[in-house]
Structure formats: structure tokens, C-alpha cells
1. Go through (1) closer than 18 Å to residue B:94 by Cβ; (2) out of contact with any Gly (no Cβ under 8 Å at 6 or more places or on another chain); (3) surrounded by 14 or more Cβ atoms within 10 Å (Cβ to Cβ) one by one and return the number of the condition residue A:68 breaks.
2. Just one of (1) more than 13 Å from chain B (Cβ to nearest Cβ); (2) free of Cβ contacts under 8 Å to residues at least 12 places away in the same chain trips up residue A:69, so point out which.
3. Would you please list the contacts, defined by Cβ atoms under 8 Å and residues six or more apart or on different chains, that run from a residue in segment A:95-113 that is more than 7 Å from every other protein chain (Cβ to nearest Cβ) to a residue that is part of a strand (DSSP E or B) and of a type in the set (Lys, Arg)?
4. What about residue B:57, is it among the charged types (D, E, K, R), out of contact with any helix residue (DSSP H, G or I) (no Cβ under 6 Å at 6 or more places or on another chain) and within 11 Å of chain A (Cβ to nearest Cβ)?
5. Can you find a residue that is more than 22 Å from residue A:43 (Cα to Cα), touching a residue at least 24 places away in the same chain (Cβ under 8 Å) and surrounded by fewer than 19 Cβ atoms within 10 Å (Cβ to Cβ) anywhere in segment B:51-59?
6. On the given criteria, is residue B:28 away from chain A (no Cβ under 11 Å), surrounded by fewer than 21 Cβ atoms within 10 Å (Cβ to Cβ) and either closer than 22 Å to residue A:46 by Cα or modelled with pLDDT under 95 (or both)?
7. Scan (1) over 21 Å from residue A:43 (Cβ atoms); (2) without any contact (Cβ under 8 Å) to a residue 24 or more places away in the chain for the single condition residue B:45 breaks and write down its number.
8. Please count how many residues of segment B:76-105 are more than 9 Å from chain A (Cβ to nearest Cβ) and either surrounded by fewer than 18 Cβ atoms within 10 Å (Cβ to Cβ) or of a type in the set (Lys, Arg) (or both).
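The values are calculated or read from the model by the stated rules, or taken from the named source; none is laboratory data. These numbers were taken from a predicted model, which means no experiment stands behind them. FYI the Cβ positions are ideal-geometry reconstructions off the backbone, even for glycines, and counts take in every protein chain you see.
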Amino acid sequence: DTAVSQTPKYLVTQMGNDKSIKCEQNLGHDTMYWYKQDSKKFLKIMFSYNNKELIINETVPNRFSPKSPDKAHLNLHINSLELGDSAVYFCASSLGSGSQPQHFGDGTRLSIL
Amino acid sequence: QKEVEQNSGPLSVPEGAIASLNCTYSDRGSQSFFWYRQYSGKSPELIMFIYSNGDKEDGRFTAQLNKASQYVSLLIRDSQPSDSATYLCAVTNNQGGKLIFGQGTELSVKP
């Protein structure tokens, strides 16, 4: 059973479109995250939610809107996609929002044409 | 100054040797330290975590932490070609679980 699963794995779309990425975890964790890994492989946090409540919101354009319907799900909606949004987006989860290790999903590779 | 710094490599070691990966961090409030392995095109996979000064061993892996020097390292004993990957150091001050990653060190283990 996949612990942290993301869909879709690949997303190819045109500039200006709106797209969503979904994430689900079956680990019983209460905290979920979105990270962005750019072309230089640098991994940077975007958002985190603890029990459906937003606790970290890094300096991310407001075109990015996370939503957590329950503690096992965290989705990411992106409006008006730009070329610079091309990256791999990873979802992760952990037990608690402090020191516990985070476990990553397989990632969604987003390519903007 | 980057918050978490690693040598980007590539670090090349022969099979069976010890690979030593280093990481320094700038935030003295950092409390928890993690090493992830990432194969090309794959997701980061947790290898080790350490919270206290000293060494922590798990199989062929040893994590070392020195908070006074703001330094954390990962030793891989008896390196195997399958260990060839990028190793990511990540630290957090435990506030909200925000992990700060280094840029990663590419390790190549030659048969």
C-alpha cells in the first residue's frame, strides 16, 4: 500500500491554465506538506497543514491555493500557470508538526508549455 | 549565507569504502536533523534522523551531530553502487515542521 500518494504523476499544460494536484496519506499522520523541487533539485517548503489548519505559508504566489478537506488529504490548486511553475511538486506527511520525520509522495512533475 | 549548506559533489568513492557526507546549518535554534536519499527521478527517502549531539548508527549508516559547530554528517560504510544517489540534509527548528533542505550531495560509488 502506498503511504503517501499523489495524482497525477505527470501534468503537462499550457501557460494560463488552472490545474490541481491531489495528495492522500494512509499513515494516520496529522500534518501534511507541499514542497517544490526546482530544476536545480533544490527542495523548498510551500505549505503545511496540521489537522486541516494552515500552519506554514511560505512566500508563495497567491495563485497557489492549498486545501485540506481532512487530515488525510491535502490538495494544491494552481491558477494562471506560468513557465516558472514548472517543477516537481512533492506532498509529504508527518505525525505532528514538530520534530517527527516527514515521508514523501512520489511527486508530480508539472511542465508548462 | 545559505541556511543549510552541502557540497554538491559529485563525491566519488570506490565500492566498499566509507562515504562521508557533510552539512552545515546557520540557525542555532535548529533542533532536528534528517538525511534523505533521492535517486534520480524519484522522491526523497528518509534514511536517518538525529536529535542529540553525538553519533547514531543504523546498519551501514551513521549520523553525527555537533550542535556547537552547527554541523551534521552522514557516514556510509561498505558503500555499494546502489548507494549512488543524491543525499539531502534537512534541518528544522521544530516550528510547524518546516524542513530546510540543503542543495544535496551527489554520491557516486564505483564498482
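1. So the condition that residue A:68 fails would be (1).
2. The failed condition is (2).
3. Filtered contacts from segment A:95-113: A:110/A:19.
4. Working: among the charged types (D, E, K, R): yes; out of contact with any helix residue (DSSP H, G or I) (no Cβ under 6 Å at 6 or more places or on another chain): yes; within 11 Å of chain A (Cβ to nearest Cβ): no.
For residue B:57, the condition - among the charged types (D, E, K, R), out of contact with any helix residue (DSSP H, G or I) (no Cβ under 6 Å at 6 or more places or on another chain) and within 11 Å of chain A (Cβ to nearest Cβ) - is not met.
5. The answer is no, given that none of the residues of segment B:51-59 is more than 22 Å from residue A:43 (Cα to Cα), touching a residue at least 24 places away in the same chain (Cβ under 8 Å) and surrounded by fewer than 19 Cβ atoms within 10 Å (Cβ to Cβ).
6. Details: away from chain A (no Cβ under 11 Å): yes; surrounded by fewer than 21 Cβ atoms within 10 Å (Cβ to Cβ): yes; either closer than 22 Å to residue A:46 by Cα or modelled with pLDDT under 95 (or both): yes.
So residue B:28 fits the description; yes.
7. Condition not satisfied by residue B:45: (1).
8. Residues meeting the conditions: 6.
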